[in-house]
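What follows is a short report on a single structure.
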Amino acid sequence: MAYPNALSAYRETRVRTASQGQIIIMLYDEAIKQLDRGIELLTLNQKGKPDPSRIEPINKALVKAQDIITELMVSLDFDRGGEIAQNLFSLYTWFNRELLEANLAKDVERIKAVRTMMNELRGAWQEVVVKTATEHQNNSSAGINIAG
């Protein structure tokens with residue numbers, strides 16, 4: 001089928017043409033999506049009779065979210081980011097520790113807390129990206145007037 005290949009090509013092009021800020025937002029989006037998946041499966045497993053077949057998908061979703069958070073950690077620029085980068089690093093470290101503990105204890109509330117904070121950070125990054133893009137657009141539109 002050509003559809004999966006087309007979707008894969010679209011996603012690859014989207015990432016290759018994205019700005020650094022857009023990529024950070026994409027990482028947040030995927031981490032939040034994985035946390036939502038983990039929360040959904042864990043909540044289903046806690047209602048009624050637990051289903052052992054959900055344990056692996058829960059673990060995979062939470063580990064994938066941790067991998068994304070780790071990617072956000074290694075992308076921090078401490079030289080340019082200064083105290084903000086250090087604070088984000090500490091927060092990301094806490095997120096990963098909370099998710100590890102939540103995964104072991106199957107604690108949905110801890111996952112929800114991380115998800116809420118990730119969503120707030122995503123919103124802040126979105127504002128930065130929009131502001132930066134607007135400033136860049138305003139600066140580039142003040143180019144040379146060739147009309148005379």
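Computed values, structure above
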{"item": "Test: residue in the range 7-14 that is more than 19 Å from V128 (Cβ to Cβ), outside any helix (DSSP H, G or I) and either of a type outside the set (S, T, N, Q) or at pLDDT below 90 (or both)", "result": "no"}
{"item": "Condition met for R115 (part of a helix (DSSP H, G or I) and surrounded by 12 or more Cβ atoms within 10 Å (Cβ to Cβ))", "result": "yes"}
{"item": "Selected residue (only one of E40, E71, E83 is farther than 30 Å from A105 by Cβ, open to solvent by 90 Å² or more (accessible area, probe 1.4 Å), out of contact with any Lys or Arg (no Cβ under 6 Å at 6 or more places or on another chain) and at pLDDT 95 or above)", "result": "E83"}
{"item": "Test: E109 is modelled with pLDDT under 95, more than 15 Å from A31 (Cβ to Cβ) and either crowded, with 17+ Cβ neighbours inside 10 Å or of a type in the set (D, E, K, R) (or both)", "result": "no"}
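The values are calculated or read from the model by the stated rules, or taken from the named source; none is laboratory data. It should be emphasised that the depicted structure is a prediction, and the values quoted were computed from it without experimental measurement. With ideal geometry, Cβ positions are generated from the backbone for all residues, glycine too; neighbour counts draw on all protein chains shown. Surface accessibility is based on the protein's heavy atoms, side chains included, excluding ligands, DNA and RNA. Shrake-Rupley method; radii C 1.70, N 1.55, O 1.52, S 1.80 Å.
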